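Okay, structure first, notes after.
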Amino acid sequence: MMIAYAERFVHENDTETRQDDGVSGLDLQLQGTLDWSAAATASAARDFGGLRSAKPLAVVRPAGPDDVARSVRAALRSPSLTVAARGNGHSINGQAMSDGGLVVDMLAAGAAHFQVGRAGCGAGYAVVAGGALWEDVLEQCLRYGLAPRSYTDYLGLTVGGTLSNAGVSGQAFRHGPQTSNVTELEVVTGQGETVVCSSRDNSELFFAVLGGLGQFGIITKAKICLQPAPDMVRWIRVVYEDFGEFTRDAESLVTRPDGDTFDYIEGFAFVNSDDPVNGWPTVPLGPDQRFDPTRLSPDAGSVLYCLELGLHHRSSDPPSSVDSVVGRLLGRLGFVEGLEFRRDVSYADFLLRVKHAEQHAKATGLWDAPHPWLNLFVSKAGIADFDRTVFKGVLKDGVGGPMLVYPMLRCRWDKRTSVVLPEESGEIFYLVALLRYTLPYPEGPSADRLVAQNHEILRTCDENKIDYKLYLPYYQSQKEWERHFGNQWARFVERKARFDPMAVLSPGQKIFLRSSVMPGKMASDNGTAGL
């Protein structure tokens, strides 16, 4: 198999070569719509990150999977047109953009399909559109007393979007990421073919697409695993001064058997001060709760840590029985006495807790501000050095938003997917998510300064030989992408050559450059592409 075209990477979008693709003369024969308006293309040129902009030629609003396939086939008939699937526009670095190409608005067909079944997959399954929002999937499933097993913290994301990355939250230690909780996909490949795939049928495509950054196909349907939905969640936060004790307790909790631990386990670092954005006020769970700093020891450091825990229960359970279970589990932990916060909330309210933060951010204008987030997977062997050099060093004053840090189990992740984890051996690794919300100048640093700080963090990791991988990765050079994928790079390239040989899909990831060589033709001497 010839994969010479993979040597050509996008460093900057070449807009000039895309001015005349001849698309205006093509009839896509859509059941949905093709929107060329300035308002539509301007909206698709922006994303949540607010750091990059790339204006598409037009926006496709598909009526269903057939329209997605027609869009890809139209791109294949042009010399340089590309296609990007866009969900709710929550990308950080323009990953769902297509400069001068077609952006497929997956939300347009998000409600096109929903089906619940009881056979197999534990308690049952749901077949949903790739453009469905997880918050809508949750609402539909709860009507049957069921719910997906694995989530992201924010549910205003599309099913296809999170499955193209991994999809992680505090349930991942038990059920794995969302990519480990889907049994079948319908995918439109980069060759314009609609294929149903699973771990048994068309398995190479199935595992390629999961965590594949949109490089191999567009997910138009997904069959996801469900579980019985609880009524309530006992939501708990406990505070630590010592990072070693924090990680020991977190690792103990995620490795205990079901029934002997919590149902949700996350954690975060925060500043030891009264800063309302980065410090003590971010820990209490309600307005009636107060963080008492006198509970801290005099030698507490500049950075503190919080375990965030959730225990599922039924509204009919006696409060004393829930208290007993919580007391038994917390009794094993070494958090600071008196710095424990509890709250009972409905299951839906717990899962939608970030929705309330979103509403506040939109009201204050923060939602539309740039978000130079940085998300990493860090090896267990490197997490203490990360705390010492990054949390206590580069970020000792906070990031203007949450600094998540919590462990996950490698055994819950399927090695056959396209997701890459830290290469260092060991069962435990950590998610670190630095979720910045930039404040208008002069209240906060500029987005450029925060992006520079992200680069400083990565340099610090490299200098201290901390084993990490970017989650929601974004690179602009061949060397960087090869380093990211490591020993999985050859497999990634081979999958690209098989499922999207003209590199039509997801140009915003800046991994492969669009090829004008038709599938099946030999790569030319200048490495332009093909099988």
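What a 1.4 Å probe finds exposed on the stretch 291-429 is 51% carbon and sulfur by accessible area, rounded to a whole percent.
Kindly state, to the nearest 0.05, the FRET efficiency for Arg328 paired with Ala452, given R0 = 41 Å and r defined as their beta-carbon distance.
Numbers: r = 47 Å, r/R0 = 1.15.
Efficiency, from the Cβ-Cβ distance: 0.30.
With the helix formula -39500 (n - 2.57) applied to DSSP H stretches of n ≥ 4, the chain reaches a computed 222 nm mean residue ellipticity of -7000 deg cm²/dmol. Cross-link partners for Lys392 among the aspartates and glutamates, with Cα-Cα distance under 13 Å and sequence neighbours closer than 8 places in the same chain left out: Glu241, Asp242.
Overall form of the chain: prolate. Here a/c, set by the Cα gyration tensor axes a ≥ b ≥ c, is 1.5 or more, and a/b is the larger of a/b and b/c. Each residue of the stretch 462-468 is assigned a 3J(HN,Hα), and the resulting list reads 5, 5, 9, 6, 7, 7, 8 Hz, derived from the Karplus form 6.51 cos²θ - 1.76 cosθ + 1.60 (θ = phi - 60°), x at Gly and Pro.
Cα centroid distance between the stretch 314-331 and the stretch 168-192, in Å? Cα centroid to Cα centroid, the span is 33 Å.
Solvent-accessible surface of the chain, averaged per residue with a 1.4 angstrom probe and all protein chains in place: 40 square angstrom. Model label sites at Ser302 and Phe114, defined 7 Å from Cα along the beta-carbon direction, differ in position by 4.9 nm.
Considering the options Ala109, Ile92, Phe262, tell which one lies farthest towards the positive end of the dipole of the chain, charges being +1 on Lys and Arg and -1 on Asp and Glu at the Cβ, about the Cα centre. Ranked along the dipole, the leading option is Ala109. Evaluated with a Cβ-only charge set (Lys, Arg +1; Asp, Glu -1), the stretch 361-414 carries a dipole of roughly 180 debye about its Cα centre, given to the nearest 20.
Could you tell me which of the pairs Lys380/Lys510; Lys479/Lys510; Lys465/Lys510; Lys469/Lys496; Lys55/Lys510; Lys380/Lys465 are separated by over 19 angstrom between their Cα atoms in the structure shown?
Numbers: Lys380/Lys510 30 Å; Lys479/Lys510 12 Å; Lys465/Lys510 26 Å; Lys469/Lys496 21 Å; Lys55/Lys510 15 Å; Lys380/Lys465 13 Å.
Correct reply: Lys380/Lys510; Lys465/Lys510; Lys469/Lys496.
Dipole size in debye (nearest 20) for the chain around its Cα centre, Lys and Arg Cβ +1, Asp and Glu Cβ -1? I would put it at about 980 debye.
Classify the stretch 410-511 as rounded, prolate or oblate from the Cα gyration tensor: take a ≥ b ≥ c as the square roots of its eigenvalues, call it rounded if a/c is under 1.5, otherwise prolate when a/b beats b/c and oblate if not. Verdict is oblate for the stretch 410-511. Farthest towards the positive end of the charge dipole of the chain, among the residues Leu472, Ala384, Thr294, is the Cα of Leu472, using unit charges on the Cβ of Lys, Arg, Asp and Glu.
Loop-only check: which GluC sites (Glu not before Pro) in the stretch 291-341 are DSSP coil with at most 15 other Cβ within 10 angstrom?
Values: sites: Glu308, Glu337, Glu340; in loops: Glu337.
Hits after loop and neighbour filter: Glu337.
Over the stretch 205-252, what percent of the accessible surface lies on carbon and sulfur atoms, probe 1.4 Å?
Answer for the stretch 205-252: carbon and sulfur cover 44 percent of the accessible area.
Taking a ≥ b ≥ c as the square roots of the eigenvalues of the Cα gyration tensor, the stretch 264-363 is classed as oblate, since a/c reaches at least 1.5 and a/b does not exceed b/c.
Place the peptides 125-135, 248-258 in order of packing, highest mean first, counting for every residue the other Cβ atoms within 10 Å and averaging per peptide. Don't skip to the end; give the middle numbers.
Numbers: 125-135: 24.5, 248-258: 15.9.
So the order, starting with the most tightly packed, is 125-135, 248-258.
The values are calculated or read from the model by the stated rules, or taken from the named source; none is laboratory data. Everything numeric here is computed off the predicted structure, so don't read it as measured data. In this analysis, Cβ positions are derived from the backbone assuming ideal geometry, glycine residues included, and neighbour counts consider all displayed protein chains. Areas reflect the complete protein model, heavy atoms only, side chains present, ligands, DNA and RNA absent. Shrake-Rupley method; radii C 1.70, N 1.55, O 1.52, S 1.80 Å.
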